[in-house]
Amino acid sequence: MGKYFGTDGFRGEANLTLTAAHAYKIGRFLGWKFGPGAKVAIGKDTRRSSYMLEYALAAGLTASGADALLLHVTTTPSVSYVVRSEHLACGVMISASHNPYYDNGIKLVNSNGEKMEEETLVQIEDYLDGRTEDIPLAARERIGRTIDYAMGRNRYIGYLISLATRSYQGKRVGLDCANGSAWMIAKSVFDALGAETHVIHCDPDGLNINQDCGSTHIQDLVALVRREKLDIGFAFDGDADRCLCVDEKGQVVDGDKILYIYGKYLKERGKLAGNKVVATVMSNLGLFKALDRAGIEYEKTAVGDKFVYECMNEHGYRLGGEQSGHIIFKKYATTGDGILTAIKIMEVLLEKKETLSRLAEDVEIYPQVLKNIRVTNKEAVLKDEEIQKAIQQASLALGDNGRILVRASGTEPLIRVMAEAPSEEICGRHVEEILQAIQNGGYSIEK
């Protein structure tokens, strides 16, 4: 990861660590790199600062001679869809995903709708820091245009609707739009497919995105499903590239269970490429045990949908994702797509004529305890022999009934220690043993 761009774009607090000046320069570089007349799609979520960054990006692009195609408020996966289906030079999504409103981010996708290549990100960072020559301004007829391109978002809605295999007539569905990007899209899709939709957190004001709602605060959707006796509920995050579900009993169905449900469905139909599902090292042990029982193999990647997609793309796998609800259906999308995930789960329910609780019950989620510790040197902690010994002892004690995961944060001076076991008490004990080993080594930073 670079100075500005992490695994999911350039993210920071708006007008502090991510400013309009940054957005303008990113636009300037992209417009210059892809040449005069290049077409670049820009989407944004509902944060107040997204409008500021959108106009700055558009100014930079057009000043370098590119055309800025404004999709307005839309989802991250819709930007990827528009770029690849309309053969654009690249795309930009302005969003900090599930973060609070005062943060924002700039995510870049290439002409295939995939996350932008690392080489280009490094070049942008060099330009942001003044390590490259200045970029010439376009002049006269070479100055770019800003184009209203809401029709691109509408085509994406049509694409989603086309993927449904059956009508949703008679199904009562709850949607939590997180006051974000799904605001104008999710209900349109489910209404068009015939569902009786009950929508909450669909009144964005620029400040309430993700605020006690959406996939990171799913309690309101649970209450809605129970109160209205709905068949199913779906919760999205701020840019709608994640989806978590709530079954008819009001139980949360996370990304791990979604992977199992759809992976088993594909296997039953002989369509699970390589007989494998791609998950991350943070996926629950219960998922892997359920996949073993179902005769489904799996790959584990580092945390981040970027790494999941890279593994899928390299080996030709069709299904992958994260516990958080980033699910990638490779046949239909190049990124996690919350509304697409909801459509695919509806497909399994309708084709198998089963409830979501029945489909998910084979996955027994093991308790997890995750604690972070601030340290002076992340790399030294992970190489320390005494700490490695403590990790190995905990792993041996758990055996096949649990696991220990110790990893460095990609963005902060933190070591994350996670344990899974049959009980929270066992998890907590082993996590504390490892935290104590880190403290004994003199690596911890007092709060």
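The values are calculated or read from the model by the stated rules, or taken from the named source; none is laboratory data. Everything numeric in this text was worked out from a predicted model, so none of it was measured. Quick reminder, even Gly has a Cβ in these numbers, built from the backbone with ideal geometry, and neighbours come from all protein chains shown.
Criterion applied to SER167, SER181 was being touching a Ser or Thr at 6+ places or on another chain (Cβ under 8 Å) and assigned by TED's automatic domain parsing to the domain that holds PHE234, and the one residue passing it is SER181. In the condition set (1) touching a residue at least 40 places away in the same chain (Cβ under 8 Å); (2) touching a helix residue (DSSP H, G or I) at 6+ places or on another chain (Cβ under 7 Å); (3) among the β-branched types (Val, Ile, Thr), VAL431 is compliant with all but (2). Criterion applied to ILE147, ILE106, ILE135 was being touching a residue at least 40 places away in the same chain (Cβ under 8 Å), over 24 Å from the mean Cα position of the chain (by Cα) and assigned to a strand (DSSP E or B), and the one residue passing it is ILE147.
Here the helices (runs of 4 or more DSSP H) wholly within the range 265-359 that include at least 1 residues being among the charged types (D, E, K, R) and farther than 24 Å from ASP191 by Cα are 285-294, 305-315.
Out of the range 92-103, which residues are more than 15 Å from THR74 (Cβ to Cβ) and buried (at least 24 other Cβ atoms within 10 Å of the Cβ)?
Residues of the range 92-103 more than 15 Å from THR74 (Cβ to Cβ): 96, 98-103.
Listed by number, the residues that qualify are ALA96, TYR101.
Cβ separations smaller than 6 Å between residues 6+ apart or across chains give the following pairs from the range 358-383 residues that are crowded, with 17+ Cβ neighbours inside 10 Å to residues that are of a type in the set (D, E, K, R) and not in a helix (DSSP H, G or I): TYR366/GLU420; GLN368/GLU420. Taken over the range 193-241, residues that are in a loop (DSSP other than H, G, I, E, B), touching a helix residue (DSSP H, G or I) at 6+ places or on another chain (Cβ under 8 Å) and closer than 16 Å to SER97 by Cβ amount to 9. Flag set for ILE124, criterion: in contact (Cβ under 8 Å) with a residue 60 or more places away in the chain and out of contact with any Gly (no Cβ under 8 Å at 6 or more places or on another chain).
Number of residues in the range 410-431 that are surrounded by fewer than 17 Cβ atoms within 10 Å (Cβ to Cβ), within 25 Å of LEU287 (Cα to Cα) and among the acidic types (Asp, Glu): the value is 2.
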